[in-house]
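Inspection log for the structure reproduced underneath, given as structure tokens.
The values are calculated or read from the model by the stated rules, or taken from the named source; none is laboratory data. All of these numbers come straight from a predicted model, not from anything done at the bench. Cβ atoms come from the backbone with ideal geometry, glycine included; neighbour counts cover every protein chain shown. Calculation scope for accessible area: heavy atoms of the full protein, side chains included, ligands and nucleic acids excluded. Shrake-Rupley method; radii C 1.70, N 1.55, O 1.52, S 1.80 Å.
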Amino acid sequence: MKTLMTKLILTVLLISCGNSHLFDPEQETDVQAGNASGNGVTTTTNILPPFGGGTVDAKLCQHLDAVDFDSSQLTEPGPCTFTACNDNTFAEFDVREDFQNYIDKHGGKILDDPGACQTKKGQEGYCYDMDAYNFGAYESCLYSGCSQEGFYEYIKYQELIAKHGEENVEKDDSLCQTPIHYPGCTSILANNLDLEADVDDGSCKFSLCDDESYEEYDAGTIAALVLYANEHELNLEEINNSAGQCVTKINTPGCMVEGTLNYNSEATIDNGTCKWSACIDESYEEYDSALAILIENYAQTHSVDISGIVISTCNTLKKKCDDERATNTGAFELCHYNVCDNSDYQEYQLYLEVKEYVENGSATMTVSEDFCHLPTIKPGCTKDSAENTTIGANQENGTCRWKACLDSNYSEFNASLDAEIRAYALVFGEDVSTYYESTCSTLNVKKGCKNDKAVNYDSTVEVDDGTCVFKLCTDCKYKEFGPNGQGAAYELTKIIAQYATTHEKSFSSLVVNSCQTPIGAVGCTDPYAKNYRGNAWSENKSCVYKACLSGSNYSSGQSNLMTDIINAYATEHSLSITEVSNSVLNSSNGKVYVERTCHEGARKLVVKLSSECLNNPYNSVYIKVMRAGEQNHSRPLTTPQSTAVYDVTNGQSYSIELINGGSSVYHFSNSLSISGSISGDTIHEVQCN
């Protein structure tokens, strides 16, 4: 944004009586072109001209305190009319000097205003400076002004600073009321568009093709150019230089629409000059809708006034349909109605009326049930649950009456009907007893759970309605299952089963699971041991193994998985390994007992899994070895283990099966099980592929 002082240096050229007149607000001199000396009169900064909207006109009053101050346009200061106190014994009289200075330079007059005389001179201690905002107060004068450069009040602010010092003048931007406008060229079509200007001063210059016989000619653009010239009272030749803008000549302009009065068959471009002889006013009988649309489109396409291209042939006025109930209200034709001929609907009245119009030829109508919407009002009782429902009634009138029991202490009580009748009574403002006859006869008995073993047992219940709920634990791994195996849970189960039968309920619908406290178990937790306890939670160092760890029948060449397992268990629990020949139930004295199985005919079967077997979606894979319908102890096999060792008898037939952790056969891609005769110490690799 340009600074205020830069804007105030703008020079405005006014054309008056053939002489150019220049006004330079920065030099504060009034200079006639050709007369450099001027009139020698210095203006005050109070009267700098505003930059208003519109065009530049004659000299206007430019003094902020004048009654006819005009900030709307940028002009040279002109005559002003002031009002002031006419009694020199009052402080307000002194402002006349400032007003007179302006009048001496630019003309005008002062009107006496006795009402402006307020403060008598000679009263010591009072502020008599009318520029002060505490004028007339018994204190030193105080000043304030607009500190924003874009407002006329800023000029007064600068005067106060110059006269009283910046430290004595407060900034008060609420006094900024009169913006200074910035003149210039605002047309986006102009060569000299000024983006900072907010008032167009008629200075725009254009370079546009204004000859419609050239392809570069644009009717809309030239129309805008003509409008600009008219607004600023300028000639097109002054503001538009078309030299070099019109390049491509149009060969033959003319009217190219056949059937027009001036159709030119040789024209190669339609220049919007076509004229028709037609009636395009639909209020006349001669109206031709197709031709009217054609002419309207032509006028819009060529930006011409439609009235200038049509010679009217309209003669006979049509009758206009002005009935708002008609479907074609406002049309110049007979009124048309959509009507319902069913007397059960309110629209039937329109049918009776329109029927007469149609019979005498003054209207048309379409009769259909589709136009029947509002049923004829029939008051009565509309409630289907009432005893006196009025057939066909569509407006409730409060006459419904019921026979019902509204007392919940009786078995005949109907909750939904109770709610409906009470709501009905509220609508019509009568006591509910007005609308029904009681049918209550049998008092209710209290229903609920009478079984004292149930959690919702109620000793006050008279009739057991099958709603009892029981807490029961049926899992022996929890303390709540009860002592002695089945214990109390068994007895309660029989009670619940009998209750379910009596009330035709399912057993599960009556039971809430009460198993909460698991029973702890200790024992051998190694699944390779002979005394492995599957439900043990805590290891008590009691594992006993069956294996051949040394001796004449020990094969050192085979995979010795059991040796590794037993050594790992002994190391983990700080135990020593002792081989025994007989069966040992538990280890003790810091030892791991191994029942020796090295004997003639005994062999080791080592089952190895390929890496593909371990690449499955389950957490573990188990191996089962079965002989002659018997099932050996299954060996769990988990990553990273890849082998399991079994004691087998030479010459027997065995089957090897892989299962997942859920005890179901794991389906590998090609093979479920492998069978064969085991002879001697054997390493058998299971391929899962």
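Tabulated results
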{"quantity": "For Glu579, residues with placed amide H under 5 Å, excluding near neighbours", "calculated": "Val594"}
{"quantity": "Cα-based reach from Lys403 at 19 Å (exclusive), listing lysines while leaving out same-chain residues under 8 positions away", "calculated": "Lys383"}
{"quantity": "Under 16 Å from the Cα of Lys447 - aspartates and glutamates, other chains or at least 8 residues apart", "calculated": "Glu412, Asp458, Glu462, Asp464, Asp465"}
{"quantity": "Of all accessible heavy-atom area on the range 237-318, the percent that carbon and sulfur account for (1.4 Å)", "calculated": "47"}
{"quantity": "Under Karplus coefficients 6.51, -1.76 and 1.60, residue-wise ³J(HN,Hα) of the range 275-284 in Hz, glycine/proline x", "calculated": "10, 10, 10, 7, 10, 10, 9, 5, 7, 10"}
{"quantity": "The range 222-273: GluC sites (Glu not before Pro) falling in loop per DSSP and having at most 11 other Cβ within 10 Å", "calculated": "Glu233, Glu258, Glu266"}
{"quantity": "Rounded if a/c under 1.5, otherwise prolate or oblate - the range 261-391, Cα gyration tensor axes", "calculated": "prolate"}
{"quantity": "Centre separation in Å (Cα based) which lies between the range 65-140 and the range 269-295", "calculated": "67"}
{"quantity": "Order of exposure, largest accessible area first, which applies to Ser265, Ser147, Ser283 with probe 1.4 Å", "calculated": "Ser265, Ser147, Ser283"}
{"quantity": "Extension gain (nm, one decimal) between Thr268 and Ser433, 0.36 nm per residue minus Cα-Cα", "calculated": "50.0 nm"}
{"quantity": "Long-range HN-HN contacts of Cys61 with modeled amide H, under 5 Å", "calculated": "Asp70, Gly78"}
{"quantity": "Anchor Lys249: lysines whose Cα lies under 30 Å away (excluding residues fewer than 8 positions away in-chain)", "calculated": "Lys205, Lys275"}
